[in-house]
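Inspection log for the structure reproduced underneath, given as structure tokens.
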Amino acid sequence: MIWYKKDSDTDPYKELWQRKEWLFPMEDPERTIFPLIITVEPTNACQNKCLYCSRLLMKRKSGFMNLDTMEKIAKEAGENKVAIRHGGFGEPLLHPKITELVEICKKHNALTTIFTNCNRLTEDMMRSFVKSGLDEIRFSSSGITDEEHNMIRKNSNYQADFDEKIMMAYRIREEMNSDKPFFTIYTNVISYDDDTFKENIEAYKKKYIQFADKIDIDLTMFSRVKELKHVKSLYQKQTINEQHKPCVTLFLKVIVHWNGDVYACDIPYNHEDTYYLGNMHDKGFTIKKSYNSEKIKKLRGDLSFDLKHNEYKLCKDCFSNTNKWETKSWLNDKL
């Protein structure tokens, strides 16, 4: 579910989402020669322990992306006119040089977003993002009530980490007389049909559309962590349609972990050779070469066309591809 304060023309991603490569990624597989979105993981550290997050299964060591790696990524992104989304398996604002990472992205004219749980967002950080021209901040939460958020997002406080931060960010942006960054509130709920959602959604929209430019509400997926004891009861309640659909992600995105490792999609939380395309610092490596490799073409054949999800350890529990590429109505949702 998506609602805009004004309309979808204000969304910084509107142009990208209207490209043929995005709307029809599988009709001409050879047309797309570079990912339209590069997910960058500034760090895989996070202060929260969200019950749906694959970090609960992560065993790789924690670290922070260096500026040289960011420079290489941003240069390719800028040359190919694609977007960078800071997120991955950690909280980007924990990176001690996150404002410099953003500055590097904007130096190369890359459309740039930060996904954040908001906890570490400060006024000084916000002012820096406005000055550097950061295109979007996605304020991430869980549920549409304090109780839901605090239950799902362990170590997080709805009021302090989300509610107060979006208002602070809005105030700073207004003070600086800027329309950037674009503010998206992104949250996920277990069901669109339960009483909690139905009873609170109108008040939620009315309150937060004052401060946000867009509200995006998705369904929570516990499928990847369903075997964890404390998640099983929530998994039984989820309403995600566990149907394997053609994987469009393999045509649209790659992820770069904090150490420069590049993967064909954003589901590998540990090193997974099946999806591994190389490292940004390998001699002669480029994202473009890896994106056109025989390895990723085989993945596309198996997962985008032949639906062999059950033959892949991580793909068998992945149901993140939706039918929005069939309907296209999501481009025009309004409040």
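Every number here is computed from the coordinates shown, using simple stated rules; none is lab data. The structure presented is a predicted model; accordingly, all values stated were derived computationally and were not measured. Because the Cβ atoms are built from the backbone with ideal geometry, glycine has one as well, and the counts that use them run over all protein chains shown.
Worth a mention:
- Pairwise FRET efficiency - Glu30 versus Gln159, Cβ, R0 = 41 Å, nearest 0.05: 0.25
- The chain: calculated mean residue ellipticity at 222 nm from DSSP helix runs of at least 4, using -39500 (n - 2.57): -8000 deg cm²/dmol
- Computed FRET value (nearest 0.05) for Asn177 with Lys75, which takes r as the C-beta separation and R₀ as 35 Å: 0.65
- Cα centroid separation - region 70-105 against region 261-321, whole Å: 20 Å
- For region 169-228, a Kirkwood hydrodynamic radius built from all Cα pairs, placed in the Stokes-Einstein relation at 25 °C and 0.890 mPa s, yields a translational diffusion coefficient of 180 µm²/s.
- Alpha-carbon Debye profile of region 213-259, log10 I(q)/I(0) at 0.15 Å⁻¹: -0.67
- Debye intensity ratio I(q)/I(0), log10, region 235-329, q values 0.11, 0.15 Å⁻¹ (C-alpha model): -0.35, -0.63
- Share, in percent, of DSSP beta bridges within the chain that are antiparallel, nearest 5: 30 percent
- Projected area averaged over orientations for region 53-98, convex hull of C-alpha atoms, nm²: 4.0 nm²
- Among 107-117, 284-294, the order from most to least packed when residues are scored by Cβ within 10 Å on average: 107-117, 284-294
- Share of alpha-carbon pairs per 5 Å distance bin for region 99-250, given as whole %: 2, 8, 16, 19, 17, 14, 12, 8, 3, 0
- Taken along the Cα-to-beta-carbon direction at a fixed 7 Å, the label points for His230 and Lys298 span 3.9 nm.
- Sparse-neighbourhood loop sites, GluC sites (Glu not before Pro) in region 150-193 - DSSP loop, at most 10 other Cβ within 10 angstrom: none
- Any cysteine of the chain lacking a neighbouring Cys Cβ under 4.7 Å - listed by number: Cys46, Cys105, Cys118, Cys247, Cys265, Cys315, Cys318
- Expressed as a fraction of 2.2 N^0.38 Å, the C-alpha radius of gyration for region 1-97 is 1.31.
- Computed on the chain, with alpha-carbon pairs under 8 angstrom and 6+ residues apart, the relative contact order is 24 percent.
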